Structures are given as structure tokens and as C-alpha cells.
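The values are calculated or read from the model by the stated rules, or taken from the named source; none is laboratory data. Just so you know, these numbers come straight off a predicted model, no measurement behind them. Virtual Cβ from ideal backbone geometry, glycine too; neighbours counted across all protein chains shown.
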Amino acid sequence: MSERKDLIQEIVSIDAGALLGTVQDLKTAGYRLGQACATPVGDDIEVLYSFEKDFALHNVKLSVGATAPELQSITAIYPYAFIYENEMHDLFGITFKNLSLDYGGKFFKVAKSTPWNPKFGGGEN
């Protein structure tokens, strides 16, 4: 009986500085970006990028400090990542350097700035 690839999912933790190199390697290997999200974890924000190839998921996880969160944008590699990265900017306050299409904090209409950032009153929703 063959292994079901749709059940394969790996999660790899990396440092923020390794993000672009890791994402470029995945793109070169034929992976597509499936989703990106963030969540508060203690005093930090955890970011998860999920990539798919042949029904198997490869997840890249990293943490950024909630006080001044900043990451390199992956939009130079996956242009449509601008949607996920603008969302994380609006909801968590993460600044993405070199974001190809930056809505400047106006992607979503929110009642309060960065509502899910644990350092600035978010995270309790």
C-alpha cells in the first residue's frame, strides 16, 4: 500500500534571517505558497508560511518580537503573498520590508490598530 501524500505535513522552525533563502529553495523545488498566517505566542508573534507540492505540506515557522515586528517580504518570490503580508501588517503590526504592494495599514478596516498584537492591547479577542 502506498503512503498517502495528503497526510504528510512537516513544520520546520527557522530564524527570520533565513526566510528568503528558505522560501527561494522551496520555489525552486516546485512548491506553491498555500497560505501564511500569524498568531500571538507569549510576548512574540509566530508566523507560519505553508507550501504545497504533490499534496504534501511543508510549513515554515518563525517568531518575531511583538514590540517592533519586522520581516522581509516574500513577494519577490511569490507575488501573491502581498495579500497575506498586508493582513499580518494590519492585524499584528508586522512590517514587511520590500513588500511589492503595500497598503500601508489600510488593507482591512479595523476599529483599532494592530488588534491582535499582544504588546499593543491585542490578543485578548
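Observations on the structure shown:
- Some residue of segment 84-105 being surrounded by fewer than 13 Cβ atoms within 10 Å (Cβ to Cβ) and among the polar types (S, T, N, Q): yes
- Complete set of residues in segment 36-53 that are out of contact with any Asp or Glu (no Cβ under 9 Å at 6 or more places or on another chain) and either at pLDDT 95 or above or assigned to a strand (DSSP E or B) (or both): Val41, Asp44, Ile45, Glu46, Val47, Leu48, Tyr49, Ser50, Phe51, Glu52, Lys53
- Pair list, Cβ under 9 Å, 6 or more apart: segment 88-113 residue at positive phi, other residue among the aliphatic types (A, V, I, L, M): Gly93/Ile45; Gly93/Ala66; Gly93/Ala68; Asn98/Ala76
- Of all residues making up segment 50-78, the number that are without any contact (Cβ under 8 Å) to a residue 40 or more places away in the chain and in contact with a Leu (Cβ under 7 Å, 6 or more places away or on another chain): 4
- For segment 66-81, the condition of being assigned to a strand (DSSP E or B) and either surrounded by fewer than 19 Cβ atoms within 10 Å (Cβ to Cβ) or touching a Cys at 6+ places or on another chain (Cβ under 7 Å) (or both) holds for at least one residue.
- Close pairs (6 angstrom Cβ cut-off, 6 or more residues apart or separate chains): in contact (Cβ under 8 Å) with a residue 12 or more places away in the chain in segment 13-33, assigned to a helix (DSSP H, G or I) and hydroxyl-bearing (Ser, Thr, Tyr) anywhere: Ile14/Thr22
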